[in-house]
Amino acid sequence: MFSGLAHINTASSRSFSHGITFGIDVAAFTNIVQFSVHKTMRARKGKPFWRKWGPVICLVWATILVDLDLVRNMINDAWGTVCISTDSQPLKICDKDGTCSFLGDKYNKYCYSQPMLNGGVWPHLTIYGWVCTIFATWAGYLMLFVGIFWILSFPQKMRAQWRIIQRGRQGQSRGAAVSIQPLATA
């Protein structure tokens, strides 16, 4: 099924996928940040600054850190190719046996890749690869989960639900019929 994908993995298809992925990521992450700002202004009034705005700050940093590697890739896509005009000399192509033939007039440029912010290949990553691909992406997703759990008060809701479950179990062990009601979400 995937045997033909190597033929469509070109510089332009990679550039296109980096751009589309960046657009989707920015749209999704900024919507999460907007939700958290709205929820903070509505439900977290009267709290100290860091307890009030901490989740929003986490989510803004998550947006920046997760998209850092995509920005690095898009910089490579945009400025990582150097083209030299060959107006004075026609381009020629040579075989392994040494026979050469000249290309037509429509081939007037010679292009090659120049790594701008090259990340390298695992396990031989450059400093850009370690910072952008490994550290920033992992730190960004960690901050995303912390920010979402914080803004939704997930630990407090889990503790309250656990107490309800434990009270229901204690009541059942004594022989009383206790109905367990799920915790309503705000």
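What FRET efficiency, computed as 1/(1 + (r/R0)^6) with R0 = 30 Å and r the Cβ-Cβ distance, is obtained for residue 138 and residue 24, rounded to the nearest 0.05?
0.95
Report, to the nearest 10°, how far helix 11-43 tilts away from the longest principal axis of the Cα atoms in the chain, using its own Cα long axis and a range of 0 to 90°.
Helix 11-43 sits roughly 20 degrees off the main axis of the chain.
So how do 125-132, 53-60 stack up, highest first, on mean other-Cβ count within 10 Å?
Averaged packing, sorted descending, gives the order 53-60, 125-132.
Report the relative contact order of the chain, percent, no decimals, based on alpha-carbon pairs under 8 angstrom and at least 6 residues apart.
Relative contact order of the chain: 22 percent.
Under a point spin-label approximation (7 Å from Cα along Cα-to-Cβ), what is the residue 99-residue 172 distance to one decimal in nm?
The answer from the label model is 8.4 nm.
Once amide H atoms are placed 1.01 Å from N in the peptide plane, what residues at a sequence separation of 5 or more from residue 91, or on another chain, have their amide H within under 5 Å of its amide H?
For residue 91, the qualifying residues are 103.
Measure nothing but the geometry: give the 0 to 90° angle between the long axis through the Cα atoms of 49-79 and the longest principal axis through the Cα atoms of the chain, rounded to 10°.
With both axes taken from Cα atoms, the answer is about 20 degrees.
List the trypsin sites (Lys or Arg not before Pro) within region 70-104 that DSSP assigns to loop and that have no more than 11 neighbouring Cβ atoms inside 10 Å.
96
Which angle between 0 and 90 degrees, to the nearest 10, do you get for helix 137-151 versus the longest principal axis of the chain when only C-alpha atoms count?
30 degrees
Only the coordinates and a few stated rules stand behind these numbers; no lab work does. Everything quoted here is computed from the prediction, not taken from an experiment. Backbone-built Cβ (ideal geometry, glycine too); neighbour counts: all protein chains shown.
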